[in-house]
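Contents: one structure, followed by commentary.
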Amino acid sequence: MLVFPGGEPLLWEGLEGFLDFAMEKGFSTSITTNGTLLTAKKAVRLHKRVGIVAVSVDGPPEDHAEIRRSTTAFISMKHGLSALRDAGVPFTLAFTLTRYNADRLRWLYEFANEEGAVGIHVHPLSGIGSAGIFLSAAIPDNVEFKVASWLLALLVCNNGSGVPVITFDAIPRAVCRAELLANARGRC
């Protein structure tokens, strides 16, 4: 599978051609977007080109607006979800777990159900790159990590079948990186 993560792949003029080329070569594809540039026309054009679209969601509207520094980002993202749904493009919601938002996972789960997402992907904020420099205080510690793990498990157990698939990066990237550096064989 070829995954085209953010930045924002929908800004790239050559994206559709590259997705077509990947399909011709037998690859399945996925893109990750903030959803604000997804129109009905773009969603229809993505339908045959991607297996799934991951849309970044930072929490309820007020959280999303604060993190994105935009009062219109949440509603624009919801319009993008609607365009994907109407075009028959399966989508997941991508959520970055921080030290401050584990309590938003229930909201995320309910939002995913309401919007028709086929899954939720939760990944802890890592200390790699600019996040390590500018957001180090927000990197979840073991307490938030365990709370998130238990909460996600309870949501699945209490809500039965027919709910979105949940994936959770079980090994924080900082731990994985430390293991890689410490282990000459590169196992993590």
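The values are calculated or read from the model by the stated rules, or taken from the named source; none is laboratory data. Note that the coordinates shown come from a computational prediction; the quantities given were computed from them, not determined experimentally. Backbone-built Cβ (ideal geometry, glycine too); neighbour counts: all protein chains shown.
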| Which ones in segment 19-42 are within 20 Å of residue 118 (Cβ to Cβ), surrounded by fewer than 22 Cβ atoms within 10 Å (Cβ to Cβ) and of a type in the set (Gly, Ala, Ser)? | 28, 30, 40
| task | State the number of residues belonging to segment 77-89 that are over 15 Å from residue 10 (Cα atoms) and within 15 Å of the chain's Cα centre (by Cα). | result | 1
| task | For residue 92, indicate whether it is part of a strand (DSSP E or B), crowded, with 22+ Cβ neighbours inside 10 Å, hydroxyl-bearing (Ser, Thr, Tyr) and within 14 Å of the chain's Cα centre (by Cα). | result | yes
| Out of 122, 143, which single residue is not assigned by TED's automatic domain parsing to the domain that holds residue 28 and not in a helix (DSSP H, G or I)? | 122
| task | Identify the single condition in (1) surrounded by fewer than 20 Cβ atoms within 10 Å (Cβ to Cβ); (2) in the same structural domain as residue 145 (by TED's automatic domain parsing); (3) not in a helix (DSSP H, G or I); (4) not polar (S, T, N, Q) that residue 117 does not satisfy, given that it satisfies every other one. | result | (1)
| request: Report yes if residue 1 is over 23 Å from residue 111 (Cα atoms) and either exposed (fewer than 14 other Cβ atoms within 10 Å of the Cβ) or outside the structural domain of residue 123 (by TED's automatic domain parsing) (or both), otherwise no. | output: yes
| query | Restricting attention to segment 43-57, and to residues there that are hydrophobic (A, V, I, L, M, F, W, C) and more than 30 Å from residue 144 (Cα to Cα), which single residue is surrounded by the most Cβ atoms within 10 Å (Cβ to Cβ)? | reply | 50
| note | When every residue in segment 58-77 that is under 27 Å from residue 19 (Cβ atoms) and in contact with a Gly (Cβ under 8 Å, 6 or more places away or on another chain) is compared, the one surrounded by the most Cβ atoms within 10 Å (Cβ to Cβ) is 77
